[in-house]
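Chemist: One structure, pasted below without further comment.
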Amino acid sequence: MPFAVYNDLSQKKEPFVPVDSPKVGIYVCGPTVYDFFHIGNSRPFIIFDVLRRYLRNRGYQVTYVQNFTDIDDKMINRAAEMGITVAELAERYIGEYFADADALGIGRADVHPRATEHIPEILESIRKIIGNGHAYVLEGDVYFDVLSFAPYGKLMRQNLEELLSGARVDVNSRKKHPLDFALWKAEKPGEPSWESPWGRGRPGWHIECSAMATKYLGDTIDIHGGGSDLLFPHHENEIAQAEAATGKPFVKYWMHNGYLLMDHEKMSKSLGNFRTLRDVRKQYSPLAIRYFMLSAHYRSPINFSAAGLEQAASGAERLRICYRSLEEAPEKKNLQSEASLKEALEKARERFHSDMDDDLNTAGALGAVFEAVKAINTALHEEGALTMENKEEARTFFHMVDEVLGILDIPGILRETAPNSEDARIEELIEKRKEARKNKDFAGADKIRDALLEEGIVLKDSPEGTKWYRKL
């Protein structure tokens with residue numbers, strides 16, 4: 001089965017055929033860097049990170065672009081509140097974004113363009129749009145003329161009247177139509193500004209993405225992604241700008257993830273019902289958060305809850321325990337067991353790819369992973385050992401899952417880093433427990449084990465000694 005995605009432009013599932021296979025260009029809208037991003041923002045960042053990982057796993061050569069919006073009204077207002085420049089604000093929160101994203105295992109984009117570093121490209125796009133008769137100038141402002149662009153509304157499949165009835169628009173009697181949107185904003189006192197053919201000013205929000213996407217990925221890009229909240233007006237406006245400038249289709253496949261809900265309502269800063277990822281990370285491990293986001297189909301809404309995150313942490317821990325047990329299991333030759341487990345792993349691998357090929361169905365793929373876990377645990381329980389071939393098959397399966405979904409953190413499953421002071425303290429307690437057991441002081445040994453468990457440190461005894469790991 002070929003990889004297929006649900007295309008919001010056609011509103012149906014389509015086989016994925018890149019413009020220039022095996023090359024694939026993906027553009028995903030990044031954060032406006034005026035604060036820590038909230039837990040809802042993390043969903044598209046994780047989903048499209050998995051999309052990139054999976055396409056690379058399938059052999060595509062992916063170029064992944066995710067922007068930073070580093071100039072807009074929110075940033076100007078926040079910088080004024082903090083008494084710093086907009087550039088200083090952006091630098092601070094780009095750093096904070098990377099700290100949170102790195103913790104979640106979200107890979108860096110191939111390009112992270114910033115709006116303020118692409119003013120020439122933005123100006124050139126605006127010149128083309130004006131030259132092609134799709135924009136007009138009003139006292140230093142430049143507006144896109146929606147009436148001039150017949151396909152406007154094609155992503156939403158609505159006409160101008162329908163779009164207007166459900167939109168919050170900038171009330172400006174000077175505009176030709178209420179849905180006309182700013183490509184360039186004339187300079188205001190105290191705001192950052194740049195020279196332009198229409199006077200000093202700054203870019204509108206929508207123009208930055210279409211200008212930067214086409215710069216790095218060409219006039220027609222393969223996949224454009226983001227949250228459902230960006231469908232209108234942002235992505236609709238991106239289409240209008242790009243196609244008015246180039247005369248070519250802007251995007252082949254539009255992908256949007258469903259909302260993350262808080263108490264079954266959309267989570268957003270404007271509604272005040274949000275939590276920052278930084279705050280959530282204080283309670284839950286990054287692997288649990290990542291697992292939680294992948295436990296539902298990306299197009300479905302998902303409700304943020306403590307119970308859901310606890311369940312995700314338990315699921316991720318089950319995977320890690322199985323992998324640890326696999327690594328620590330002794331080897332023996334048993335041809336019947338070898339054939340049985342190999343068949344189960346092959347079926348799990350086939351189902352994993354089948355589900356991922358079906359519009360990135362991570363929830364189904366996780367089901368396939370647990371089929372493999374069940375087979376591995378059964379083999380370990382019944383046989384007490386695995387053949388060398390079995391272990392290698394299972395290890396390869398787990399590494400493939402981690403490469404695509406990023407929910408195992410395999411290098412960190414068994415402690416492999418240089419010991420730090422905290423590690424040294426744990427090792428010292430383990431030695432004391434060892435001495436207590438040697439002296440038949442089992443109550444004292446259990447007390448040390450229980451104290452470590454309260455700290456989230458799990459001990460695992462084996463003939464080779466006691467190993468330990470941190471529980472999720």
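The values are calculated or read from the model by the stated rules, or taken from the named source; none is laboratory data. Computed from a predicted model, the values in this text were never measured in an experiment. Cβ coordinates were reconstructed from backbone atoms using ideal geometry, including for glycine residues, and neighbour counts include every protein chain displayed. Protein only, heavy atoms only, side chains kept; ligands, DNA and RNA dropped before computing areas. Shrake-Rupley method; radii C 1.70, N 1.55, O 1.52, S 1.80 Å.
Chemist: Quick check for me: using +1 on Lys/Arg Cβ and -1 on Asp/Glu Cβ, what's the dipole size of the stretch 86-221 about its Cα centre, in debye to the nearest 20?
Modeler: Numbers: 16 positive and 21 negative charges, 87 e Å.
Taking the Cα centre of the stretch 86-221 as origin, the dipole is about 420 debye.
Chemist: Classify the stretch 1-123 from the C-alpha gyration tensor, please: rounded if a/c falls under 1.5, else prolate or oblate depending on whether a/b exceeds b/c.
Modeler: Working: a/c = 2.33, a/b = 1.97, b/c = 1.19.
Cα axes put the stretch 1-123 in the prolate bin.
Chemist: With a cut-off of at most 11 other beta carbons within 10 Å, and DSSP calling the residue loop, which trypsin sites (Lys or Arg not before Pro) in the stretch 210-316 qualify? Please list them.
Modeler: Details: sites: LYS215, LYS252, LYS266, LYS269, ARG275, ARG278, ARG281, LYS282, ARG290, ARG299; in loops: LYS269, ARG275, ARG281, LYS282, ARG299.
Passing both the DSSP loop test and the Cβ count: LYS282.
Chemist: Under a Cβ-Cβ cut-off of 14 Å, what is the net charge of the residues other than ARG43 that fall near it, where Lys and Arg count +1 and Asp and Glu count -1?
Modeler: Working: positive: LYS266, ARG275, ARG290, ARG299; negative: ASP49, ASP100, ASP229.
Result for the neighbourhood of ARG43: +1.
Chemist: Take the cross-link list LYS342/LYS391; LYS332/LYS391; LYS374/LYS467 and give me the ones stretching past 21 Å between alpha-carbons.
Modeler: On the way: LYS342/LYS391 10 Å; LYS332/LYS391 10 Å; LYS374/LYS467 23 Å.
The pairs that break the limit, which is 21 Å between Cα atoms, are LYS374/LYS467.
Chemist: Give the percent of DSSP beta bridges with both residues in the chain that are antiparallel, rounded to the nearest 5. Before the final figure, lay out each step's value.
Modeler: Numbers: 25 of 48 bridges.
For the chain, the DSSP antiparallel bridge percentage is about 50.
Chemist: Could you work out how far helix 362-383 tilts from the main Cα principal axis of the chain, as a 0 to 90 degree angle to the nearest 10?
Modeler: Value to nearest ten degrees: 10.
Chemist: Only one of the values (i) -0.58, -0.70; (ii) -0.52, -0.66; (iii) -0.83, -0.98 was calculated from this structure for log10 I(q)/I(0) by the Debye sum over Cα atoms at q = 0.08, 0.09 Å⁻¹; name its label.
Modeler: Given (i) -0.58, -0.70; (ii) -0.52, -0.66; (iii) -0.83, -0.98, the structure-derived one carries the label (i).
Chemist: Let me ask something additional. On a full-extension model of 0.36 nm per residue, what is the gain between ILE84 and HIS177, subtracting their alpha-carbon distance, rounded to one decimal in nm?
Modeler: Values: separation 93, 0.36 × 93 = 33.48 nm, distance 3.65 nm.
Result for the pair: 29.8 nm of gain on full extension.
Chemist: To continue, here is another question. Put SER21, SER210 in order of accessible area, largest first, 1.4 Å probe: what do you get?
Modeler: Numbers: SER21 70, SER210 5 Å².
Per-residue accessible area, sorted high to low, gives SER21, SER210.
Chemist: Over the stretch 24-104, what percent of the accessible surface lies on carbon and sulfur atoms, probe 1.4 Å?
Modeler: On the way: 1160 of 2560 Å².
Of the solvent-accessible surface of the stretch 24-104, carbon and sulfur hold 45 percent.
Chemist: Okay, moving on. Before I look further, what does the stretch 48-107 give for accessible area per residue, probe 1.4 Å, in whole square angstrom? Show your work: numbers first, answer last.
Modeler: Working: 2270 Å² over 60 residues.
That works out to 38 Å² for each residue.
Chemist: What does the charge add up to near LYS252, with Lys and Arg as +1, Asp and Glu as -1, over the other residues with Cβ less than 10 Å from its Cβ?
Modeler: On the way: positive: none; negative: GLU14, ASP222.
Neighbourhood net charge equals -2.
Chemist: Run the dipole for the chain about the Cα centre, Lys and Arg Cβ at +1, Asp and Glu Cβ at -1, nothing else charged, and hand back the magnitude in debye, nearest 20.
Modeler: 360
Chemist: Round to the nearest 0.05 the FRET efficiency obtained for LEU160 and ASP73 when R0 = 25 Å and r is the Cβ-Cβ distance.
Modeler: Details: r = 25 Å, r/R0 = 0.99.
Plugging the Cβ-Cβ distance into 1/(1 + (r/R0)^6) gives 0.50.
Chemist: Continuing with the same structure: If amide hydrogens are placed 1.01 Å from N in the peptide plane, which non-local residues have theirs closer than 5 Å to the one on ASN303?
Modeler: Answer set, sorted by chain and number: LEU261.
Chemist: Name the residue from THR220, VAL404, MET388 whose Cα lies farthest towards the positive end of the charge dipole of the chain, charges +1 on Cβ of Lys and Arg and -1 on Cβ of Asp and Glu.
Modeler: Going by the charge dipole, the pick is MET388.
Chemist: Suppose every Lys and Arg Cβ carries +1 and every Asp and Glu Cβ carries -1, with no other charges. What dipole size does the stretch 28-145 come out with about its Cα centre, to the nearest 20 debye?
Modeler: Working: 12 positive and 18 negative charges, 153 e Å.
Charge dipole of the stretch 28-145: 740 debye, to the nearest 20.
Chemist: For the Cα atoms of the chain, what angle does the longest principal axis make with the long axis of helix 421-438, in degrees from 0 to 90, nearest 10?
Modeler: Tilt of helix 421-438: around 20 degrees.
Chemist: Give the accessible area for PHE232 in Å² (nearest 10); use a 1.4 Å probe, count only protein heavy atoms, and leave out ligands, DNA and RNA.
Modeler: 50
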